[in-house]
Structure formats: C-alpha cells, structure tokens
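So the structure is just underneath, and the comments pick up after that.
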Amino acid sequence: MNWSLLFAQIVLSGTTLSLVAWLSKTLVSQQLSKDLEAFKRQLAIEADRDRVRFSKLHERRAEIIEEVYRRAHDILGMLRLQSTNPADAKGTSEHLTTELVEIVHYFGRHALYFSDDVKRKFQAIFVIGLAKPMLALYGIGELQDFERRMKERNRDISDIRLTQPFVDSLKEQIPALDQLMRELENEFQTLLGVTK
C-alpha cells in the first residue's frame, strides 16, 4: 500500500471538498444578498406609501381641528362678550344656537379622526357645557324683548333689573367653559404634535 498516494488522494479530496464548500457558500451568500436588497427595496416602497398615507391623514385631521377650533373660538368669544355687554342677546342666542348645531354636526361627521377622549371633551363643552350659558343667554334675550315692549307701551321698568340674574349666570359659566376648552386645546395640540 502506497501511503503517500493515499495521503495525496485524501489531501486532494479534502481540498476539492473545501473548494466546493467555499464555492457553494459564496453562491448562496450572493443569492441571499440579492434577496436581502430586493426585500429592503420593497420595505422602503411600503414605508414611503405608509408615510404618504399617514401624512395625508394627519393633514386632514389638522384641517378638521383648525375648523373645529375656529368655530369653538367664535362661539365662546360671543358668549364672553354677551356676559360683559349683553346687547341684542336674542339675536345672538339664535345665531349661537345655529352655530352650535353646525359645530356639533361638523364634529360628528369627522369624529372618526379622533379618540374617545377627544370626543368626550368635545361633548363636555358643546353638548353639556353650553346648555346653561345658552339658556341664560336666551333668558336675557327674552327679557330684553319684554323690556323693549314695556317701553313701547310707555311703562317704565328701568328700576327692575330683570336680566341681571341671567347675566350673572352666564358670567359664572364662562370660567368652566374656558377650562374645558383648554383641555380640548391640549388634546388637539397633542394630536398635531405641537406639545412636549
């Protein structure tokens, strides 16, 4: 038996196996690298698609928040003005009733953009919170109308301050509404990403 020949065949077989193993590993590695790059490109495409979709959602939500906030600011501003100087309270009451119905409908049509917490805070202001101030404003308007009719009949009731309890009630409600509005503002700012 020729040991050197056997040894040479074993070395040659081992070298051949090593070469085949290295070549297989290289080919598999290249294929995996190609697959990985294709997967990364697909993920990037999907990430861009999601980013565009969510940016549009955020943009739409921002538009809705802006509109709700503008309307809320107008309603609460008019109530504040009436609590300090109730002029034409009947006309203002009718106008605010219309505005209130519109903001509630607008928010309701877009409620799917908001969490249940935001919906509860909105309802706390515009469904529950404004009930007493609106009744007070309505009462002021009716009593102003009554006073005007009395003056038309030449009856002087200027020493009776019929509207004052309603004005006081309206004034008492404003701080609570302002607090509720600040809470809603904080929710909106969080949604818009403008708070810390």
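Annotation: Cα Rg of the range 1-108 relative to the compact-globule expectation 2.2 N^0.38 Å equals 2.93.
If you count Lys pairs in the chain whose Cα atoms are under 25 Å apart, skipping same-chain pairs closer than 8 places in sequence, the total is 15.
Convex hull volume of the C-alpha atoms in the range 51-95, normalised per residue: 50 Å³. Quick one, which of (i) 34, 17, 16; (ii) 39, 18, 13; (iii) 81, 14, 10 is the actual semi-axes √(5λ) of the Cα gyration tensor in Å calculated for this model? Computing semi-axes √(5λ) of the Cα gyration tensor in Å and matching it to (i) 34, 17, 16; (ii) 39, 18, 13; (iii) 81, 14, 10 gives (iii). Can you compute the FRET efficiency between residue 168 and residue 146 using 1/(1 + (r/R0)^6), with r the Cβ-Cβ distance and R0 = 22 Å? Round to the nearest 0.05. With a Förster radius of 22 Å, E is 0.75.
Each value in this text was obtained by applying a stated rule to the coordinates, not by laboratory testing. Treat the numbers as computed from the prediction; the structure is a model and nothing was measured. Every residue, glycine as well, gets a Cβ built from its backbone with ideal geometry; the counts of neighbours run over all protein chains shown.
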